[in-house]
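In what follows, a single structure is set out as structure tokens and then discussed.
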Amino acid sequence: MASCTGGPSLPDREAPSKIENPAINHLLEPGNRVGITVFGETNLSGDFFVDPSGTLALPLVGSVAASGITTDELSVRIRDLLVRQGYLRNPQVSVEIRSFRPFYVLGEVRQPGEFEYNTGMTVLGAIARAGGYDYRAIEGDVVLVRTENDTQIDYRANEKTPILPGDIVRVLERRF
């Protein structure tokens with residue numbers, strides 16, 4: 001069987017089999033869409049994207065740095081800006097993540113590309129979003145590329161492996 005699957009090899013490092021819910025203590029990053037509610041102030045509330053520079057453009061207060069902090073920290077930052085700039089005396093601000101960065105599926109799938117992340121996704125779900133395996137694919141084991149501390153790490157993963165926002169699932173080609 002090894003001669004049938006020759007070609008690119010899988011990494012030795014196994015992917016983590018358990019991950020936290022990405023919505024819990026998730027550090028915001030470019031590509032996130034957040035819902036901001038300033039209670040009683042509908043003109044200041046809405047959905048906003050964290051732009052490539054890591055900031056949000058908000059009514060009245062302008063640009064707010066959001067990348068690298070949690071939703072709780074962002075709500076405090078917005079509240080403080082509204083008070084400091086004299087717009088509101090005691091604003092109640094809540095922030096929640098509406099959507100995460102996309103994930104990517106490359107290689108031997110029917111429709112490789114970028115896809116919207118949903119909490120609880122696995123490698124198999126990611127491959128299904130990409131139209132499933134194509135006829136040249138090594139089925140079952142894939143390369144999972146994850147960025148950790150600004151470094152891309154290649155992992156060996158299987159169909160049950162959970163994925164995170166921004167992950168890259170690479171399905172390798174088998175050789176006949």
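Among the residues of the range 9-57, which ones are closer than 30 Å to Val142 by Cβ, hydroxyl-bearing (Ser, Thr, Tyr) and free of Cβ contacts under 8 Å to residues at least 60 places away in the same chain?
Listed by number, the list holds a single entry, Ser9.
One line per residue, one yes/no per condition, for (1) under 27 Å from Asn25 (Cβ atoms); (2) part of a strand (DSSP E or B); (3) touching a strand residue (DSSP E or B) at 6+ places or on another chain (Cβ under 6 Å):
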site	(1), (2), (3)
Glu96	yes, yes, yes
Val105	yes, yes, yes
Ala126	yes, no, yes
Leu144	yes, yes, yes
Thr147	yes, yes, no
Asp154	yes, yes, yes
Ala157	yes, yes, yes
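Have a look at Ala23, Ala15 and point out the one that is among the small types (Gly, Ala, Ser), over 21 Å from Thr70 (Cβ atoms) and not assigned by TED's automatic domain parsing to the domain that holds Thr70.
Ala15
Would you say Gly131 is modelled with pLDDT of 95 or more and surrounded by fewer than 15 Cβ atoms within 10 Å (Cβ to Cβ)?
Considered against the rule, which asks whether it is modelled with pLDDT of 95 or more and surrounded by fewer than 15 Cβ atoms within 10 Å (Cβ to Cβ), Gly131 comes out as yes.
Take the range 58-96 and flag every residue that is touching a residue at least 60 places away in the same chain (Cβ under 8 Å) and either surrounded by 18 or more Cβ atoms within 10 Å (Cβ to Cβ) or of a type in the set (Ser, Thr, Tyr) (or both).
Within the range 58-96, just Val95 meets the criteria.
If Gly166 satisfies all but one of (1) outside any strand (DSSP E or B); (2) at pLDDT 95 or above, what's the number of the condition it fails?
With respect to (1) outside any strand (DSSP E or B); (2) at pLDDT 95 or above, Gly166 is out only on (2).
The values are calculated or read from the model by the stated rules, or taken from the named source; none is laboratory data. All of these numbers come straight from a predicted model, not from anything done at the bench. All Cβ positions, even for glycine, are placed from backbone atoms using ideal geometry, and neighbour counts span all protein chains on display.
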